[in-house]
1. Given the residues Gly440, Gly398, Gly374, which is the only one that is small (Gly, Ala, Ser), farther than 20 Å from Trp278 by Cα and either in contact with a Pro (Cβ under 7 Å, 6 or more places away or on another chain) or surrounded by fewer than 18 Cβ atoms within 10 Å (Cβ to Cβ) (or both)?
2. Of all residues in segment 351-373, which are in contact with an Asp or Glu (Cβ under 7 Å, 6 or more places away or on another chain) and touching a residue at least 40 places away in the same chain (Cβ under 8 Å)?
3. Condition check: touching a residue at least 60 places away in the same chain (Cβ under 8 Å) and under 21 Å from Leu622 (Cα atoms). Does Ser706 satisfy that?
4. Across segment 667-687, what is the total count of residues that are of a type in the set (D, E, K, R) and crowded, with 16+ Cβ neighbours inside 10 Å?
5. Quick check: anything in segment 381-390 hydroxyl-bearing (Ser, Thr, Tyr), within 26 Å of the chain's Cα centre (by Cα) and part of a strand (DSSP E or B)?
6. Return a yes/no flag: does segment 418-425 have any residue that is farther than 23 Å from Ala372 by Cβ and either of a type in the set (Asp, Glu) or in a loop (DSSP other than H, G, I, E, B) (or both).
7. Condition test on Val286, is it within 26 Å of Gly247 (Cβ to Cβ) and out of contact with any Pro (no Cβ under 8 Å at 6 or more places or on another chain)?
8. For residues that are hydroxyl-bearing (Ser, Thr, Tyr) and at pLDDT 95 or above, scanning just segment 193-232, find the one that is nearest to Pro78 (Cα to Cα).
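The values are calculated or read from the model by the stated rules, or taken from the named source; none is laboratory data. Predicted model, so just to flag it, every value in this text is computed and none were measured. Cβ placement follows ideal geometry from the backbone for every residue including glycine, while neighbour counts extend to all protein chains displayed.
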Amino acid sequence: MKRNSLLAMMLAGFSLFIYQCRVSSKTSGIKKDAAGNIIVNPHPSPVYQTVKESMKSIQVPAGYHLQLVASEPMIKEPVAIVWDGNARMYVAEMRTYMQDINGTGQRQPICRISLLEDTNGDGTMDKSSTFIDSLVLPRMMLCVGHKLLVNETFTYNIRSYEDTNGDGVADASELVYKNDKPDTRNLEHQKSGLVWNMDNWIYVSCDPVRYRYVSGKLVPDSLTNSPGGQWGLGNDDYGRLYFSSAGAEIPALGFQINPAYGFLNPNDQYDRDFLAVWPIIATPDVQGGMNRLRPDTTLNHFTASCGQSVFRGDALPADLKGDLLICEPVGRLIRRAKVSEVDGKITLKNAYDGQQEFITSYDMNFRPVNTATGPDGCLYIVDMYRGIIQEATWTAEGSFLRPRILQKGLDKNIGRGRIYRLVHDGYKPDVKPKLLDAPGSTLITWLDHPNGWWRENAQKEIIANGDLSVVPALKLIATGKHTTIGKTTGALARIHALWTLEGLHAIDKETLFTAFGDTDAQVRKAAVWISETYLKENDEAVISKLASLQHDPAAAVQIQLVLSLSVSKSEKAKALQTAMVSNSAYAKMLSSVANSVEVNNNTKLFGGRLANMPAAHRNLILNGASIYKQLCSTCHGPDGKGIVVGGGTAAAPPFVGSKRVSGDKELMMKILLNGLSGPIDGKTYTDVMAPFGATNTDEWVASILSYVRYNFGKNEKGKSPVVDVESVKKMRAATAGRDKFWTLEELEQSAR
């Protein structure tokens, strides 16, 4: 056994050595006709390609090149990567994901997290170990010091792992967040992320919660609503978060305001053209069916958006910095979006005019599922490299996907995976970071580093270490009085210094008041955000100082001021917020922001409406509210009105105003137990309603239906909206033999 493992490792190392200096650029190039239109390959081969072959198939812009970082057999089924402070890479490997078309054995604890290291500085991983074994589909990772925080699929618990003897294998583990309730959602609908953001909160997608790292533990903070999103979570240099929702076919959402304040997704934050994607091969394996294909059989619209990140490095052309990268594994491509601000509203646009994407591939098995800015300032791409990219719920008997997968033999392409980094002409490796165990006096010098990875990790390590010795120096940096080698620190260093002080609980009014007058708008915005520490205490002196910013020339500052004032109960703070919304040059955006905050605050009052209801019914509705926020709001919207962004088509029908929500309880039970497909009231939606009966209890079904009927139905006097558990049990028995989705026509006929 050991000999076989050694042989596999030697082969992996040899293959990496061969390709470490070989790069993919415009080898064959994207084929175009005389008019400049892309010539699509209508019959791409599903056959597995070697690393060398696949790299030739991947198309990148002129001047850019791909380098191989790691591939099978060193890693298999990679889905996420993170680095510790010394640039060692951890790779989450979902080794049981869709190993056949039925998803057999997915819950077996045989997945792992590998630890990879580049020992000679050439960018290719040449040393590896199994850091953690026997996991169930690991999905979230965060490095803090020498510890790796990990969450597995189907659980809410988060553990930290540590290698105490330096052999590359974790030998110490502890629970840092405990919630033993199983996560029964489909694995595609569960959280991802665990991103330590600029504001020192650790965020995830899907679930209405964020965490604070305190004394080696994660302390949760409940959000009023789910932030949305599914696989992937990105953040920019200023703490703005970017989510993606594959189920709702929304490539980007949640980036206007922080989810702690509410939910704001203007329909015009990007236009309909942004939703169109441009693969260079036919796309037969799309869950959305024929309405998601062009006449040339290419994917016409985002359907599996995921793995997004904002590029924050310094080793690629400057015009890429700050751009949003979004993976589309069904389309075998990666979108590059330009991010801009107009009157306070953030908007996105494809970086390329016409029918073009940043990265595309002719290889059917190219499945980019994650991106990240690395310690070296380059962009890293996680390619799961496989045939099936859709979970078993959508590949079952009778589905659109199943025959197409089997026809192409995509179910046979398993057990592989590649990690690439994107470099550019003239790239030279930079100094390898050594942040772990570095003193605070050294870490603060990296708060001004041109690569965002260094800055955010320096901030994180100082706070995790609780190093108060650097507080005086941080105050000097935050107020622009600190110099490094005769050079005044930049705006980003001042922002990081402010937030590091906040994380150390060492921020003071004097430092904040100085930052309120900073020449850089983003520094002023950060100072306003941090002032919430005092606003929650209704500090009149701070509110008076903030009033001087109500006419700030930067929309970003005014928006943050409206958001932050909402946490105060002071009448003076409320009056200031109202005046700004009425009189600001950015009144339209401020009004939308204030409305989102109001909706968020009103949602907190939801429980009070249930006071006179029997305890059993009240508990069902409250439990259903929690489930809805985590799962259903992604497609149906937090307000039950559906989600439409960029002029696209809603992923799911609205609950508000639906005759079915207020009507037949049995019909609603059938839909949730067995699923629903096809047109609804003459309208076709982008996604099907998946069946949830097989993986959830009768109480779970009763809870969510009771909440939907209570919160979005008409609630006629004398009629209870509650769906009782016993009724669900009887309906489950009555429909036990059904193995396919309902159509609305069937349901209406059965109700006659």
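1. Result of the check over Gly440, Gly398, Gly374: Gly398.
2. Within segment 351-373, Phe366, Pro368 meet the criteria.
3. Yes.
4. Residues flagged as of a type in the set (D, E, K, R) and crowded, with 16+ Cβ neighbours inside 10 Å within segment 667-687 amount to 2.
5. Quick first cut of segment 381-390, residues hydroxyl-bearing (Ser, Thr, Tyr) only: 385.
Remaining after also requiring within 26 Å of the chain's Cα centre (by Cα): 385.
The next check asks that each one be part of a strand (DSSP E or B); those that pass are none.
For segment 381-390, residues hydroxyl-bearing (Ser, Thr, Tyr), within 26 Å of the chain's Cα centre (by Cα) and part of a strand (DSSP E or B): absent.
6. no
7. Judged against the criteria, Val286 is a match.
8. Checked segment 193-232; the qualifying residue nearest to Pro78 (Cα to Cα) is Ser205.
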